[in-house]
């Protein structure tokens, strides 16, 4: 996805060009699908939510107003947050449908080392991210952008206004904090 194309389409949307919405979806689709695939990579076999459905549901939740704000990095950050919400809502709905309401533990993306080793449940991760948000909003944002959005350290830096080394440092601290929190669950 060419950042200039996305930025131009976002600007056209903001100016009221409704045709830009469909074009933005086409331009962004492959990258959103890759992010969804990463977010669902380690999910259990037979998961009822597929990557295409995740992309489409997240797109619907973004809404037109959210899609008119800013740059490619900001757009991907919003999409990452929407995907996280879709996955968490889906896991909660599955848990509520079971007897006793106990949510089944669902493995997360194996590409993220801290989650590889302990088979962390999505709901546990969401709870831990909410606690991290209360403790340090910047670190929570970095985790969300990296894990759910699939942004590189450089892209996270541009999105947050931080240098790559600071993003790398905060990413490491956030992973360590989450690992500690999740190992207590």
Report task. Please indicate, with yes or no, whether at least one residue in the range 121-134 is more than 24 Å from residue 86 (Cβ to Cβ), surrounded by fewer than 17 Cβ atoms within 10 Å (Cβ to Cβ), modelled with pLDDT of 85 or more and touching a helix residue (DSSP H, G or I) at 6+ places or on another chain (Cβ under 7 Å). Result -> no
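Rundown of residues vs (1) touching a helix residue (DSSP H, G or I) at 6+ places or on another chain (Cβ under 7 Å); (2) modelled with pLDDT of 90 or more; (3) not in a helix (DSSP H, G or I), yes/no style:
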{"site": "146", "(1), (2), (3)": "yes, no, no"}
{"site": "150", "(1), (2), (3)": "yes, no, yes"}
{"site": "165", "(1), (2), (3)": "no, yes, no"}
{"site": "179", "(1), (2), (3)": "yes, no, no"}
{"site": "182", "(1), (2), (3)": "yes, no, no"}
{"site": "185", "(1), (2), (3)": "yes, no, yes"}
**Report entry** Residue among 22, 11, 34 that is at pLDDT 80 or above, within 16 Å of residue 84 (Cα to Cα) and not in a loop (DSSP other than H, G, I, E, B)
**Finding:** 34
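Given 107, 140, 82, which one is modelled with pLDDT under 80 and at negative phi? It would help to see each step written out before you state the result.
On the way: 140 fails: modelled with pLDDT under 80; 82 fails: modelled with pLDDT under 80.
Result of the check over 107, 140, 82: 107.
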Query raised in the report: From the residues in the range 152-163 that are in contact with a helix residue (DSSP H, G or I) (Cβ under 9 Å, 6 or more places away or on another chain), at pLDDT 90 or above and outside any helix (DSSP H, G or I), which one is surrounded by the most Cβ atoms within 10 Å (Cβ to Cβ)?
Result: 162
Report task. Give the residue, chosen from 46, 63, that is assigned to a helix (DSSP H, G or I) and either out of contact with any helix residue (DSSP H, G or I) (no Cβ under 9 Å at 6 or more places or on another chain) or modelled with pLDDT under 80 (or both). Result -> 63
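The values are calculated or read from the model by the stated rules, or taken from the named source; none is laboratory data. Since the model is a prediction, treat every value here as computed from it, not as a measurement. We place every Cβ from the backbone using ideal geometry, glycine too, and count neighbours over all the protein chains shown.
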